[in-house]
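Below is one structure, written out as structure tokens, with a few remarks after it.
All of the numbers you see were taken from the coordinates with simple rules; none came from a lab. These figures come from a predicted structure and were not determined experimentally. As a convention, Cβ positions derive from the backbone with ideal geometry for all residues, glycine included, and neighbour counts pool all protein chains shown.
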2 protein chains.
Amino acid sequence: MKIQKIPEASIVRMSVYSRYLSRLDQKGIVTTSSGEIADGVGVSPAQVRKDLAYFGEFGTRGVGYNVKDLHHHVLKILGLTNEWPVVLVGAGNLGTALCVYRGFRERGFKIVGVLDSDPKKHGQPLGDLVILPMDKMEEIIKENDVKMGIVTVPSDFAQDIVNLLVKYGVKAILNFAPRAITVPEDVELRNVDLAVNLEVLTFKLSS
Amino acid sequence: MKIQKIPEASIVRMSVYSRYLSRLDQKGIVTTSSGEIADGVGVSPAQVRKDLAYFGEFGTRGVGYNVKDLHHHVLKILGLTNEWPVVLVGAGNLGTALCVYRGFRERGFKIVGVLDSDPKKHGQPLGDLVILPMDKMEEIIKENDVKMGIVTVPSDFAQDIVNLLVKYGVKAILNFAPRAITVPEDVELRNVDLAVNLEVLTFKLSS
């Protein structure tokens, strides 16, 4: 499936819809509508229909969507019907929090290796894993066919770590360091800036 | 300023623009254009113009935007020309990481209190602060006129903590617990689901 020009906001919403559909399915609800999904996640019904339309025809006019089918379709679109092995670099507080973050595992992301440059951390347990030295990066990535990396190192080291991940074959990187990072064109980079979330709130408090 | 119906995605982008404008300003660049901002942050020039147009007329046709002026306007729109006191509840790994997260302080968010229910943590230092018991919540909020709270407690406790924050006057809450939380209508809630970020990447890897 090669799809071009789908807005990133639509992809983020697909991820949100999939959570809502999962909850409906768990409650035993068989059929839903764009209106119900819209209410459940806080967007307009037209937005739900538009987002889904990027990926095909799912519902039946006048009947709505089968919850299980739509949920499966959305997960497939998001690439979440497989488990994704992930390597995490930087076992500080944030890295530690992410390693044990239930939300990743529930959505099919399995952290298969956690690396840190601090020798004092090497061999220490972190969840089901043990913190490894940086020179194990290549081995972990190749043995587990890892395509995704999470970078939670201090800003000054983030670009070097990203370069190493790319060198060893990682194709998608989630960067938490508040620093501009560059990657080759064939690598996807997503920067998580946690302050943006607070700024959406201050906007609402101020307006 | 009371503004209605501005898409949240536009507000998030305003936050992103403000970072880019700050970088331009630091480099001593005086004038910019919607095209340059668009290139710098990875959206279309039309999107930049549309987002800014929600808030007024900023540029001069044929000349562009004055970097300092536009930066100040955007910060003002986002409510970031003041410092915001914030209380954080839950001094686990994620809470600890957020307490020392430079990105918050740089953007004017000052964590003035960190609370945890675990007596073993009480009195322990965390950055410039000391971890306090939950029963200090009211005092911290009222003394510092806190309007924002960050919740990093385990999912099962998140709703109770949110209820307490609301009771003591917090009007905007950033929740990291992967659990549906409800708030009264006059309180803003933003749920941070860190897995969404990975799912945008798997979509791109899969497509």
For the pair residue B:156 and residue B:68, the simple spin-label estimate (label points 7 Å beyond Cα toward Cβ) gives in nm 5.6
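Remind me, relative contact order of the range A:84-195 in percent, using alpha carbon pairs under 8 angstrom and six or more residues apart? Mind dumping the intermediate values first?
On the way: 211 pairs, mean separation 27.4, N = 112.
The value is 24 percent.
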Note, the range B:110-125: 3J(HN,Hα) by Karplus (6.51, -1.76, 1.60, θ = phi - 60°), whole Hz, Gly/Pro = x, goes 10, 6, 9, x, 10, 10, 8, 7, 7, x, 5, 8, 4, x, 6, x
Diffusion coefficient in µm²/s returned for the range B:8-77 by Stokes-Einstein, Kirkwood Rh over C-alpha pairs, 25 °C and 0.890 mPa s, is 209
Inter-copy distances for residue B:127, nm, shortest first, label points 7 Å along Cα→Cβ, are 2.5
Helix A:155-167: inclination vs chain A longest Cα principal axis, degrees, rounded to 10, gives 80
Contact order relative to length for the range B:8-77, counting C-alpha pairs under 8 Å separated by 6 or more residues, stands in percent at 41
Whole-Å distance linking the alpha carbon centroid of the range A:63-87 with that of the range A:15-56 is 12
Applied in sequence order to the range B:55-61, the curve 6.51 cos²θ - 1.76 cosθ + 1.60 (Karplus, θ = phi - 60°) yields integer Hz couplings, x standing for Gly and Pro, of 10, x, 9, 10, x, 10, 4
So, in nm and shortest first, the distances from residue B:138 to its counterparts in the other copies, with label points 7 Å along Cα→Cβ, work out as 6.2
Lys and Arg at +1, Asp and Glu at -1: neighbours of residue A:10 with Cβ under 11 Å from its Cβ sum to +1
For residue A:111, other-chain or 5+-apart residues with amide H closer than 5 Å (H placed, Pro excluded) are A:86
Nearest-0.05 FRET efficiency for residue B:50 and residue B:167 at R0 = 30 Å, using Cβ-Cβ distance, is 0.15
For the range A:1-119, percent of DSSP beta bridges that are antiparallel (nearest 5) comes out at 35
Measuring from the longest principal axis of the C-alpha atoms of chain B, the long axis of helix B:8-26 (C-alpha) lies at a number of degrees, nearest 10, equal to 70
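So for the range A:65-207, if I pair up every lysine 8 or more residues apart or on another chain, how many of those pairs have alpha-carbons under 13 Å apart?
Details: A:68/A:76; A:110/A:147; A:142/A:167; A:142/A:171; A:147/A:167; A:147/A:171.
Lysine pair count for the range A:65-207: 6.
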If one compares the long axis through the Cα atoms of helix A:194-206 with the longest principal axis of the Cα atoms of chain A, the angle in degrees, nearest 10, works out at 50
What the 10 Å binned alpha carbon P(r) of chain B shows, as percent of pairs per bin from 0, is 8, 29, 30, 23, 10, 1, 0
Length gained, residue A:58-residue A:142, 0.36 nm per residue minus C-alpha separation, equals 26.5 nm
Output row for residue A:205: copy-to-copy label distances, label 7 Å along Cα→C-beta, ascending, in nanometres, one decimal, is 3.7
Percent antiparallel among DSSP beta bridges confined to chain A, rounded to 5, stands at 20
In Å, the Kirkwood estimate of hydrodynamic radius for the range A:144-207 over Cα pairs equals 12.8
Rounded to the nearest 500, the 222 nm mean residue ellipticity computed for the protein assembly as shown from DSSP H runs (n ≥ 4, each -39500 (n - 2.57)) alone is -13000 deg cm²/dmol
